[in-house]
Ligand code: ADP
Ligand code: MG
């Protein structure tokens, strides 16, 4: 039946994810084991191994902390939050990293937009997208975060002047563990999509190779959410 089909698709996504996690964690573990064996054998110049071992442990740590988001069911702690405040907070957080790459972040966010949301999770999405934008601009430039709203929806666009995404890769970037970065996890977009879906929203992508990308988050704004719950009351 249709329901069964949907369920089996979900299973295969979970299965795919589990297999991916096992693979991604096994690589750094294998490497750690190798270095411990070298140390056990009493090699010279131990110091050079320590940093590699710490890096491998950090890889496992990053993967597990990103995975903690996936296990969460539909968001629970929803409160009315000002969009401009959440955006200002994440910009403050990422500005140091941006400056290091000669990147400026500008924002244009109407003060009156509020969302009924889990602020930690929505901020996580914004961080994931702005981080990707920074990582796509090794030679600097501007990232612009623009928000607009109509009666029902609010739209937040993160616009970068980075490398862009080649057309043949566009359909792959949401897949778990797909990454083009040497130390990427490939989990950021998958988690962002899940969080946005849990908030009844949508994440869309426009990208031109060598010119840049625009990621747009569409979320129900507070007025719309009120209307939905009003109508459900009848
Ligand atoms: P990660 O950042 O760990 O690679 P993500 O899920 O965040 O994982 O992104 C997956 C891939 O999508 C990236 O490796 C990159 O190839 C591509 N990508 C995402 N955002 C951008 C962007 N703003 N510009 C160019 N490529 C991007
Ligand atoms: Mg990322």
Away from ligand 2 (no atom under 16 Å from the Cβ), closer than 18 Å to residue 125 by Cβ and in contact (Cβ under 8 Å) with a residue 40 or more places away in the chain: does that describe residue 220?
-> yes
Qualifying residues in the stretch 185-202 (those that are surrounded by fewer than 18 Cβ atoms within 10 Å (Cβ to Cβ) and without any contact (Cβ under 8 Å) to a residue 40 or more places away in the chain) - the one nearest to ligand 1 (Cβ to nearest atom) = 193
Which members of the stretch 127-144 meet the condition of being surrounded by 15 or more Cβ atoms within 10 Å (Cβ to Cβ) and within 16 Å of ligand 2 (Cβ to nearest atom)?
-> 127, 128, 129, 130, 131, 132, 133, 134, 135, 136, 137, 143
Among the numbered conditions (1) within 15 Å of the chain's Cα centre (by Cα); (2) within 8 Å of ligand 1 (Cβ to nearest atom); (3) at pLDDT 95 or above; (4) closer than 23 Å to residue 108 by Cα, tell me where residue 160 comes up short.
-> (1)
Kindly check whether there is at least one residue in the stretch 102-110 that is surrounded by 14 or more Cβ atoms within 10 Å (Cβ to Cβ), more than 20 Å from the chain's Cα centre (by Cα) and closer than 16 Å to residue 218 by Cα.
-> yes
Are any of the residues in the stretch 161-170 more than 16 Å from ligand 2 (Cβ to nearest atom), over 15 Å from residue 213 (Cβ atoms), out of contact with any helix residue (DSSP H, G or I) (no Cβ under 7 Å at 6 or more places or on another chain) and in contact (Cβ under 8 Å) with a residue 40 or more places away in the chain?
-> no
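The values are calculated or read from the model by the stated rules, or taken from the named source; none is laboratory data. Note that the structure is predicted; figures quoted are calculated from it, not measured. Neighbour counts are summed over all protein chains in view; Cβ atoms, including those assigned to glycine, are modelled from backbone coordinates with ideal geometry.
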